[in-house]
Amino acid sequence: MGQRIIGLTGGIATGKSTVSDYLARQHHLPVLDADIYARQAVEPGSRGLDAISARYGKSLLHPDGSLNRARLGEIVFHQPAEKTWLEQQIHPVVRECFKDAMAELTEDPVVVQVIPLLFEANLTEQVSETWVVSCPLEHQRQRLIDRNHLTLDQANARIQSQMPLAEKVVRADVVIDNSADLPTLFRQVDEALQHVPEGRRG
């Protein structure tokens, strides 16, 4: 059997980080995170940040020259065309980072790739199976409000900017239900690790 590459995704604030942290801590698996690579793509001095500054102006930068993510979010989460443009700047960098990281992990039998936009960015071909972390909409919305200190409208805009969670669930090889407590969540993760999905749906 070839290398097992788990593509871990879900909706915003459904619990992807909780699952990936558990896989790294409890199962000692290497975890590659698209969000980390995406932040690297817009660091000061990067082509990505230069492009953002040229498009939206210096008002999107903090005094130290770093990106004001909250201000950028208010633009892209309400304007689909701007979100698409931003992703076109970032996705190629993220893909290259994954490629470089995987080249260093050829001897690892199982690798986890955490990719929030796994389906939207058509990245399913770089993984061998897809896991979706799911939870009820009301849970997702409240977690997002609490975690990011957002208003209800801001939280809804971020959720609605993504592919519907129900669609991701249909396309998943494995669904991890994060609607109960942590022991229940982790038990599902343990079970999913023990069984390789027979066929790809994504």
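The values are calculated or read from the model by the stated rules, or taken from the named source; none is laboratory data. Keep in mind it's a predicted model, so treat the numbers as computed, not measured. Every residue, glycine among them, receives a Cβ derived from its backbone with ideal geometry; neighbour counts consider all protein chains shown.
Test His91 against the stated conditions and say whether it is buried (at least 19 other Cβ atoms within 10 Å of the Cβ), farther than 29 Å from His195 by Cβ and either hydroxyl-bearing (Ser, Thr, Tyr) or at pLDDT below 95 (or both). When the stated conditions are applied, His91 passes them. For segment 41-60, indicate whether the set of residues that are of a type outside the set (Ser, Thr, Tyr), within 30 Å of Trp131 (Cβ to Cβ) and within 17 Å of the chain's Cα centre (by Cα) is non-empty. The answer is yes, given that some residue of segment 41-60 is of a type outside the set (Ser, Thr, Tyr), within 30 Å of Trp131 (Cβ to Cβ) and within 17 Å of the chain's Cα centre (by Cα). Of the set (1) polar (S, T, N, Q); (2) out of contact with any Leu (no Cβ under 7 Å at 6 or more places or on another chain); (3) over 26 Å from Val170 (Cβ atoms), all apply to Thr84 but (3).
For every residue, the table says whether it meets (1) buried (at least 17 other Cβ atoms within 10 Å of the Cβ); (2) in contact (Cβ under 8 Å) with a residue 40 or more places away in the chain; (3) under 22 Å from Gly15 (Cα atoms); (4) out of contact with any Lys or Arg (no Cβ under 6 Å at 6 or more places or on another chain).
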{"position": "Gly57", "(1), (2), (3), (4)": "no, no, no, yes"}
{"position": "Leu60", "(1), (2), (3), (4)": "yes, no, no, no"}
{"position": "Gly65", "(1), (2), (3), (4)": "no, no, no, yes"}
{"position": "Glu96", "(1), (2), (3), (4)": "no, no, no, yes"}
{"position": "Pro116", "(1), (2), (3), (4)": "yes, yes, yes, yes"}
